[in-house]
């Protein structure tokens, strides 16, 4: 086999250096989950906008009940009631209290809230049977969010919890990096799209549906098509889709067979190739380049190689376009159920696997099913032997990429 000069680390570095975040757009806050903030955000308001009660109870002057006990309660006159969002205001004068519900504004004169389990109604009075130090059960103005404080840093992914904080800070829209529109092109005379009639000798284009699902998981927009192994048709398809999409992924036709035309067509269109074939297995035929400023990823047609090339090279590049600072799959530590041995020591060797509960660490079982598609379907993690490493022994604890 011809020696391949480029390893995974170098190929990934080249990919990320050439996949810069797309422009920004402002979208409704409610639609921003998992998007990447394109700029810092600062709070427009204080939250809460006034000192408010954390509990249902009674607003009191703390010094008046500093000696209150169940045996020696302090009698207070009930001056009124206040609810969250209400416009009624009642002051707490000496010897008095105001009933407050959770979220209600703290009335003037009070500096604590005594929760109702430490009180007992007595006619028009309330008996306080415990102490409440100054500030007890009070959420002070701006304690959750202080006006003009920075609440989001550029490049941060907007989680559901962060979205709530942004809303509390007074924002209804948020600037985010655009997510790429990805054209996914399956090549080959033998493949058809699901839903079409399957003639003998044909097979459904499962690879591009798998890639599409991964792109959609990250909220990318996609365009799918299948193209026969014809140079003119491939050329026109690549040219047309590259005009509208932010990135292209080709699936199949990546090797050196008689009808593997992908690289040849891209070269005719004037693409700049950074690499084609690297030292990883499966997935060595993966390629990357730029066509009219648009990233293009070449993926081999074999299911395992196709998905591995996508996950290790194409997906990080697409995530970089969408503004993600972290472009790798999430990782956890797992214990190996068996030895793992790569085919070539100077390559990065990957293994699809299944995780099962193992106490301190989940157990990683390498999948070697004769059905490539079934192994991919059952996999929920990927283990890796890095370049230069030998056998990973059974029982070793290693980092694995999580797929589900």
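Each reported figure results from applying straightforward, stated rules to the coordinates on display, with no laboratory input. In this text, all values refer to a predicted model and were calculated from it rather than measured experimentally. Cβ atoms come from the backbone with ideal geometry, glycine included; neighbour counts cover every protein chain shown.
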Region 213-257: Rg to Rh, with Rh as the Kirkwood radius over Cα pairs: 1.00
Along principal axes, Cα extents of region 45-198, largest first, whole Å: 90, 38, 27
Convex hull per residue volume in Å³, alpha carbons only, for region 160-230: 105 Å³
Per-pair calculated FRET efficiency, R0 = 60 Å: residue 232 and residue 168 via Cβ, rounded to 0.05: 0.55
Average silhouette area of region 245-404, convex hull of alpha-carbon atoms, in square nanometres: 10.5 nm²
Radius of gyration and maximum dimension Dmax of region 1-109, Cα, Å: 29.0, 92
Relative packing of peptides 46-59, 302-315 - highest average C-beta neighbours within 10 Å first: 302-315, 46-59
Spin-label zone in region 141-157 - amide nitrogen under 15 Å from a point set 7 Å from the Cα of residue 42 along the C-beta vector: 146-154
Gyration tensor over alpha-carbon atoms, region 331-402, equivalent ellipsoid semi-axes in Å: 18, 16, 10
Expected 222 nm ellipticity per residue - DSSP helices of 4 or more, -39500 (n - 2.57), all of the chain, to 500: -5000 deg cm²/dmol
Extension gain, residue 17 back to residue 77 (0.36 nm per residue minus Cα-Cα distance, nm): 14.5 nm
Degrees between helix 206-217 axis and first principal axis of the chain (Cα, 0 to 90, nearest 10): 20 degrees
GNM result for the chain, Cα springs below 10 Å: residue of 203, 22, 165 fluctuating most strongly: 203
Computed over the chain, Cα set: Rg, Dmax in Å: 30.9, 96
Quotient of Cα Rg and 2.2 N^0.38 Å for region 126-209, N being how many residues it contains: 2.35
Taking N as its residue count, the alpha carbon Rg of region 25-74 over 2.2 N^0.38 Å: 2.25
Size of region 52-139 as Cα extents on the principal axes (Å, biggest first): 36, 25, 21
DSSP beta bridges in the chain [antiparallel fraction, %, rounded to 5]: 65 percent
